[in-house]
Structures are given as structure tokens and as C-alpha cells.
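Below is one structure; the comments refer to it alone.
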Amino acid sequence: MNDYSQQVALPSLKDLELSTLSSDKLLPDRPPEKFNMQNLTNLKIHGCNSLNYLLSFAMARNIAQLEHLEVRGCSVMEDALAINDKERMVKNKLLPNRKFLVLEDLPNLERFCSKSWAGFSSLARLRINNCPRLEIEDSIWKLPQLEILILNRIIVAQEARWNRQYEIDHEGLNEDDQEHAGIFPCLKFLVLDEVADRLMDSWKKNNHPAGRAFQNLKYLGVLRCHTLKNLVPVFQALRFLVVSKCHGMEYLLTPSTAKSLTQLRTTLIEKCERMIQIIADYNGSETEEGTEIVFDRLEELALRNLQNVRSFYSGNCVMKFPNLKRLIFQYCPQMVSFCEGNISTPNLKKLILSIGEGGVDLVFDKVMELDFDEDGVLLFDDYDFSSFPMQQLEEGDINAARRKLWLNNQG
């Protein structure tokens, strides 16, 4: 692969996928005289364990039409785009049309091309998975077209917190909104999986401003973030919430945060070992008797493998789920009742007692290829629950059905 022809011309090539190459270079550092891959839009590299870097500066400029890039399982790669200090001064954007990027299982990757992501303004979908030496800095939070972001096992720079102050000049915005308008302006889907503690620290303090920065976020997955104590930011557009294996949580939501989730349709909470209840009870300090918590649009609620959860909520609020159709309980051995106060679920007829494993990871693996509809909703396949064991509600009473399950388990 090092003896390149001077007549490399593949002007019609759009898709290129290479795996298990033994060469130390994918393409020459300096394009040959008649090099032509002007229509290459999709490049996938997998298991090329001799590559120290993917492309040189000169070669990256010659495949400017590239939109889709995936790099997986290249064990010695340190740089995706090899750029020297002089080349970094060039103002031309590299890969200006790139919309889709996956970096996965790259144990020695330290840079993509530089630490700043500011030059990749067209990027819409980004997944970084198991790149333990790759440090993310704060320019990534302000990518203007980013819709999907999945982060797993990455390093976050000390300054890369999404509750810091950003100086943004947006005409028509007041001064308060300008501080946060640039953080994830178009983001719809966010997964944080085993992310560094310092990033999750941004969600530990009440009343921090990040909620206003996630105005379009509809899907949120938080997995294996063990220092996260609860979900504080307000996500007013959120429709789909997954929390899994966050062993530092004793509760997920405060009553005020729960009231803000007016668009929520689906919630899955599973395998959080220290969790005691889903909505915190502050002994009435935040709510008064008769106050309502209404999940107006919630259709599906799943509580799975929560070994220490005693109730969904034990406070004084009235709980209303006017559109809840599916309520899933799977191994919640300490839960005697769903809540202490009154509860209304007019459309719920049965409890589902078990569902299959692996659904969360499967969705997150596929999401990079899914489309959004005109309302920004991902086009998931409908899940069929008809084959799972169910229990008829006792006159529509969740608490009575939950107590019956608990008594049966005691026997």
C-alpha cells in the first residue's frame, strides 16, 4: 500500500469501506498528480491496527465532499487527521460537509484533528465510544447543527462544563438567554454513558442553567454515571427518558422537575442499586397536601431491577397519569405500594410483569441510522408487549395490584 500509483482516479466512487489493512497509511500524505476521489461521501475504516492516523491535512482537503466517516477498532491510531502547527493556521475548514462521525474502540486516540470542534459546524450526528484518551473540550457543546450525540468512556476537559458562561451575540435574544443559547441549540438525542465525573458535576447543583440550553432535547439516556445524584435540569421538550445503572442515585426527580416534564411519553428506569424512590419526598417541604403532579402525556413507564425502590413517590401530591397505557414492574422486591397518596390512571388496565433484556443498548446502537419525522421524533419500530406476562389491575388500582404482587413474592 505504500507504493502508490500516480494515476489514482476514482471520480465516481461514493462509498469506501476498508478493514484489517496491515499498511501504516490508508492513503498517501500528498495526493498523486491525478488523484481524484471527488465524489467520495462515505468512508468506513475498521480494524486497521497499523494506522497511526487516518488522513493527512493535504488528503483531507482533497476529499472535501466526505459526509459520513466511521473509524472503529484501530488499536494504535493516535490522530484521526494528522495536522502540524503550520497547517492548523490555515483558515479553510477540513471536511466541511461532514455530517456523520463515529469514533469507536480507539484506545490510543488523543485528537480528532485538534482539540477544538469549532470547525465542524455541519456535523449533525456524533458518536464517540470507548476512546479513553480522547479529551473533549467545550467547543463541542456549541456545534450548531448537532442533533444526535452519544458519548461513552471519554475524558472531558476541566473547562468543558455545560453550566459555564458563554459569550454569544444573538440578535433578538435578551442578555440572559444569550448566555446559554449556544449550548446544544439543535440537539434532539443525547446519551451519556460512563462519562467523566467532572461533566456530571454540572448536573449536581439545583437551579443551574443547563435546562434552558436543552430546549429541543427529546431523548435522553444516562447510563453508568455513578456520581450523578439526580436529574436536576429542566427538559421541557423531553419525550423519552432512560436511566440505567446509575448507582449513586437515591432518587431521580424532585417534584418540581417532575412537573416540568410535560412532554414525556416513555420512561425506563433500571438497575440503580441505591435508588429508593423515583420522585423525592422532602417531608412536604416542596409540596403541600393536595398539590398535583401530572404526567399528562406519559404513555409508558418501566421500572426494572430496582432492588431497593420502595415506592414511586411517598409524598403528599396527587399523582395523575391520564394517558398511561403500559406500566411495567420487573423485580422491584421492596416496592409495597406505588405511592402513598391518591393516584389516577384512567387508561391503564393491566400491569406488565416482565420484558426482554437488551432493548436499551439495541436502540442506542441503531439510533445513528434512524430518521427524524417533521416534529423531530425518531422513527422507532413499535414494540409488541402482548407476549409478556401481565396482571389485571384490581378495579384499576395500581397500589392494590402492587401490594398483591408484593405479598405473592413474600410467599
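Just so you know, all these numbers are worked out from the coordinates, no wet-lab data involved. Being a predicted model, the structure only gives us computed values, none of them experimental. Every residue, glycine among them, receives a Cβ derived from its backbone with ideal geometry; neighbour counts consider all protein chains shown.
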(request) Using the Karplus curve 6.51 cos²θ - 1.76 cosθ + 1.60 with θ = phi - 60°, work out ³J(HN,Hα) for each residue of segment 246-259 in order, rounded to whole Hz, and write x for Gly and Pro. (result) 9, 7, x, 7, 9, 8, 9, 10, 8, x, 5, 5, 4, 5
(request) Could you calculate the FRET efficiency of Glu78 with Ser121 from 1/(1 + (r/R0)^6), where r is the beta carbon distance between them and R0 is 22 Å, rounded to 0.05? (result) 0.30
(request) Quote to one decimal, in nm, the extra length available between Thr262 and Gln410 on full extension: 0.36 nm per residue of separation minus the C-alpha distance between them. (result) 49.6 nm
(message) Could you work out how much longer the chain between Lys44 and Arg30 gets when fully extended? Use 0.36 nm per residue separation minus the Cα distance between them, nm to one decimal.
(response) 3.0 nm
(request) Filter the cross-link list Lys218/Lys366; Lys14/Lys34; Lys14/Lys99; Lys350/Lys404; Lys320/Lys350 down to pairs whose alpha-carbon distance in this structure exceeds 25 Å. (result) none
(message) Is the C-alpha gyration tensor of segment 235-348 telling us rounded, prolate or oblate? Criteria: a/c under 1.5 is rounded; beyond that, a/b larger than b/c is prolate, otherwise oblate.
(response) rounded
(message) I'd like the distance separating the alpha-carbon centroids of segment 243-275 and segment 60-74, in whole Å.
(response) 38 Å
(request) Pop a pseudo-label 7 angstrom from the Cα along the beta-carbon direction at both Asp371 and Ala58 and give the gap in nm to one decimal. (result) 4.1 nm
